[in-house]
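Below you'll find the structure, written out as structure tokens, and then a few comments.
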Amino acid sequence: MNFWQREETVSLDEKKAIQSERLSLTVNRVYKHVPFYRQKMKALGLKPEDIKSIDDLKHLPFTTKQDLRDYYPYGLFAAPMEEVVRIHASSGTTGQPTVVGYTKNDIAMWQDMIARCFTAYGITKNDIIQNAYGYGLFTGGLGCHHGAEHLGAAVIPISGGNTKKQIQLLQEFGSTVITCTPSYALYIGETMKNMGIDPRSTKLRVGVFGAEPWTEEMREQIESLFGIEAMDIYGLSEVLGPGVAFDCMKRAGLHINDDHFVPEVVDADTLEPLKSGESGELVFTMITKEALPLLRYRTRDITKLYTDKCECGRTLVRMDKVTGRSDDMLIIRGVNVFPSQIESIILKVAETAPHYVLIVDRVNNLDTLEVWVEAKEGLFSDAIKSLERVEKHITNELFSLLGLHVKVKLVEPRTIERSEGKAKRIIDKRKK
Ligand code: DLL
């Protein structure tokens, strides 16, 4: 079977009817149970009955991460605690963590969303899934775990880290699927090579990678490293966790499970909705969640939406691969730079390894950017000229892409910190 649920392929008219009904129920729910939304809607002169169809979405108030923080921990929950069966939280690298909750129905829906994604990747109950997303407050581990079990596959709950053990299980347990961040997959592959093990020698056939931005170039590298299909899974804790969107075998963008999470792309400054194909901030309204249904949640992720039909047969709206968050956008001497743009250049250079970090600083009131990239084994023993040649090549490529002179520094192999979860690509010395 190609699809997990019929909702993935319904006509657009039917979808609209489903979305409209669910939105209306959700608005009633939050108006009744969440004082934050009741007040916001009253301030806008809106009553629940004013929201009749999905076209009325644009009248509803936005929700931000700050709102979740202001109502920390449970202030935006729309279900009583007796109905909540699971709590997760975002890592909270900046400030307070954000807390999210799920009812039994929410968990059941989440399992179906993961099963939809995995089915689209060609994963079946015959697969053995090595789940190397972190278990715990992070949604990646448990989210994928329950969805994979729901699909009927065998899950190995190894969690993130413990790389030697990962490799041992890959070899001995016959894992056919690995789920982890793309940066961790690279790290596992590299460690295998260092141990003299061919990463292509295992039974792996599919990787389910997400939780951080990654480029098409990174996808190619991972695919050729392991000899697998590297599939993209997108999500965020505030909306669900993994399972909000996924790419299908046509790889024409990620399908959003829009019968549960209605997407909009808005201009981040004016908050005006943008048309299909225009780039802006991704916003989600959760129309089936019970514990934490957020209205127009601003993700800070930058993407475009596509409403035309996908050859795979799904009518779920598609979005571009998320290659950056507005939070990670650097403004260097007036030029907007996303780490992923730099990644796409570096990964095409034969002499460098796919490990890099961006160092941002401020000198004489001007922002400066240095790109540190690891050279491949051997380059440092070559004449100094080789290093300079590669550095100059990357500098020129970056200049033609960004119109910006960036200092590129090749560093020795294995000097840039590896990640077992989300990679840290930016070291911002301005924030000291
Ligand atoms: O990272 C949920 C997840 C777990 C997704 C496992 C996929 C796999 P958070 O920790 O709340 O949740 O981080 C969400 O990570 O807003 C994006 O900026 C980024 N992100 C997640 N998936 C992708 C992806 C999980 N496939 C934030 N591509 C999001 C690009 C991604 N960025």
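Here's a check for you: in region 305-364, which residue that is within 14 Å of the ligand (Cβ to nearest atom) and of a type in the set (D, E) is surrounded by the fewest Cβ atoms within 10 Å (Cβ to Cβ)? Taking the candidates together, the pick is D327.
Considering each residue of region 402-411, count those that are open to solvent by 30 Å² or more (accessible area, probe 1.4 Å) and either under 14 Å from L330 (Cβ atoms) or in contact with a strand residue (DSSP E or B) (Cβ under 7 Å, 6 or more places away or on another chain) (or both), and give that number.
Selection size over region 402-411: 3.
Among residues that are open to solvent by 60 Å² or more (accessible area, probe 1.4 Å) and in contact with a strand residue (DSSP E or B) (Cβ under 9 Å, 6 or more places away or on another chain), E172 is not included.
Filtered by the rule that a residue be open to solvent by 30 Å² or more (accessible area, probe 1.4 Å) and among the small types (G, A, S), region 236-265 gives a lone residue, A252.
A search for C-beta distances below 8 Å between a residue of region 197-218 that is under 18 Å from C248 (Cα atoms) and in a loop (DSSP other than H, G, I, E, B) and any residue that is small (G, A, S) and more than 12 Å from the ligand (Cβ to nearest atom), counting only pairs 6+ apart in sequence or on different chains, returns T215/S344. Confirm whether S159 is within 14 Å of the ligand (Cβ to nearest atom), outside any helix (DSSP H, G or I), modelled with pLDDT of 95 or more and among the small types (G, A, S). For S159, the condition - within 14 Å of the ligand (Cβ to nearest atom), outside any helix (DSSP H, G or I), modelled with pLDDT of 95 or more and among the small types (G, A, S) - is met.
Pick from region 375-432 the residues that are small (G, A, S) and within 21 Å of S340 (Cβ to Cβ): which of them is nearest to the ligand (Cβ to nearest atom)?
Going through region 375-432, the residues small (G, A, S) turn out to be 375, 378, 381, 383, 386, 400, 403, 419, 421, 423.
Among the residues that remain, those that are also within 21 Å of S340 (Cβ to Cβ) are: 400, 403, 419, 421, 423.
Working: S400: 25, G403: 25, S419: 13, G421: 9, A423: 11 Å.
If we take residues in region 375-432 being small (G, A, S) and within 21 Å of S340 (Cβ to Cβ), then G421 is nearest to the ligand (Cβ to nearest atom).
So which residues in region 238-262 are within 10 Å of the chain's Cα centre (by Cα) and within 7 Å of the ligand (Cβ to nearest atom), if there are any at all? G241, P242 - these are the residues of region 238-262 that are within 10 Å of the chain's Cα centre (by Cα) and within 7 Å of the ligand (Cβ to nearest atom).
Being outside the structural domain of E190 (by TED's automatic domain parsing), open to solvent by 70 Å² or more (accessible area, probe 1.4 Å), free of Cβ contacts under 8 Å to residues at least 60 places away in the same chain and closer than 24 Å to I427 by Cα is a property that K392 has.
The set of residues in region 90-103 being within 10 Å of the ligand (Cβ to nearest atom) and either at pLDDT 95 or above or in contact with a Gly (Cβ under 6 Å, 6 or more places away or on another chain) (or both) consists of V100 alone.
The values are calculated or read from the model by the stated rules, or taken from the named source; none is laboratory data. Source: prediction; values computed, not measured. All Cβ positions, even for glycine, are placed from backbone atoms using ideal geometry, and neighbour counts span all protein chains on display. Side chains included, ligands, DNA and RNA excluded: accessible areas come from the protein's heavy atoms. Shrake-Rupley method; radii C 1.70, N 1.55, O 1.52, S 1.80 Å.
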